[in-house]
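Everything below concerns the one structure shown next.
The values are calculated or read from the model by the stated rules, or taken from the named source; none is laboratory data. Treat the numbers as computed from the prediction; the structure is a model and nothing was measured. For neighbour counting, all protein chains shown are included, and Cβ atoms are generated from backbone atoms with ideal geometry for every residue, glycine included. Note: accessible area is taken over every heavy atom of the protein model, side chains too, but ligands, DNA and RNA are not part of it. Shrake-Rupley method; radii C 1.70, N 1.55, O 1.52, S 1.80 Å.
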Amino acid sequence: RRSSLAVKIGISGLNSTGKTTLAKAVALDMSMEFVEEGIPAAIYHETTVPERARLILEYAKEKKEKIQKYSNCVVDRTGIDIAMLILTRPKILPLEISQLAFEECKALAQELDLLVMLPEGVIPRKEGYNEAGLWRVANPLAITRNTILLNGLASEMHQPHQVLRMPKSANTVESRIE
């Protein structure tokens with residue numbers, strides 16, 4: 001299939017929900033550009049607050065610039081995912097730069113025509129290190145908090161008609177593409 005419409009699709013969800021797998025599959029199926037996650041691991045590992053702040057703000061701006069290059073693309077992680085970095089780690093950024101980064105996340109979200117929200121709990125979550133070298137936690141309370149926060153950010157940054165909440169019954173890549 002080839003998308004005849006100019007459309008930018010963002011794939012969002014918590015860790016281990018299948019964002020990258022689905023984004024790549026949709027991009028391939030629809031002959032669209034794929035914009036990778038690309039969160040610098042240094043965001044999590046830098047020791048100074050100003051350096052983390054600079055990296056998050058820079059990352060949000062770079063991601064927006066990448067999306068703006070294409071008329072058709074599928075984006076792995078979106079403005080709401082980056083906003084989660086700010087809101088779930090309040091000690092990372094001073095308030096002033098947090099607000100600037102959050103506004104950049106909103107601007108990034110506005111680049112998308114459709115936001116696909118992947119549900120938690122479809123793919124079994126395993127504790128262990130992720131690609132950024134972070135320990136993935138299977139803490140049910142943290143997962144619940146982050147799910148609520150992510151859904152709230154989706155509602156805050158996107159119009160209701162722009163958000164597609166994938167049902168838990170769509171548990172394969174093929175059923176998610178349909």
For the stretch 23-43, check the following and say yes or no: at least one residue is of a type in the set (Phe, Trp, Tyr) and not in a helix (DSSP H, G or I). yes
Leu87 vs (1) more than 19 Å from Gly38 (Cβ to Cβ); (2) at pLDDT 90 or above: all pass except (2)
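Yes or no, residue by residue, for (1) out of contact with any Lys or Arg (no Cβ under 9 Å at 6 or more places or on another chain); (2) in contact (Cβ under 8 Å) with a residue 12 or more places away in the chain; (3) of a type outside the set (Phe, Trp, Tyr); (4) open to solvent by less than 50 Å² (accessible area, probe 1.4 Å):
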| position | (1), (2), (3), (4) |
| --- | --- |
| Glu33 | no, yes, yes, no |
| Ile39 | no, yes, yes, yes |
| Ile67 | no, yes, yes, yes |
| Tyr70 | no, yes, no, no |
| Arg77 | no, yes, yes, yes |
Top-ranked residue of the stretch 101-113 - restricted to ones that are buried (at least 16 other Cβ atoms within 10 Å of the Cβ) and of a type in the set (A, V, I, L, M, F, W, C), ranked as modelled with the highest pLDDT: Leu112
Filter the stretch 41-65 down to the residues that are touching a Gly at 6+ places or on another chain (Cβ under 9 Å) and buried (at least 17 other Cβ atoms within 10 Å of the Cβ) and list them by number. Tyr59, Ala60, Lys63, Lys64
Reported set for the stretch 139-151 where residues are free of Cβ contacts under 8 Å to residues at least 60 places away in the same chain and open to solvent by 40 Å² or more (accessible area, probe 1.4 Å) is Asn139, Pro140, Leu141, Thr144, Arg145, Ile148, Asn151
In the stretch 162-174, how many residues are without any contact (Cβ under 8 Å) to a residue 24 or more places away in the chain and assigned to a helix (DSSP H, G or I)? 1
From Leu134, Leu141, residue being touching a helix residue (DSSP H, G or I) at 6+ places or on another chain (Cβ under 9 Å), modelled with pLDDT under 90, farther than 23 Å from Lys8 by Cα and of a type in the set (A, V, I, L, M, F, W, C): Leu134
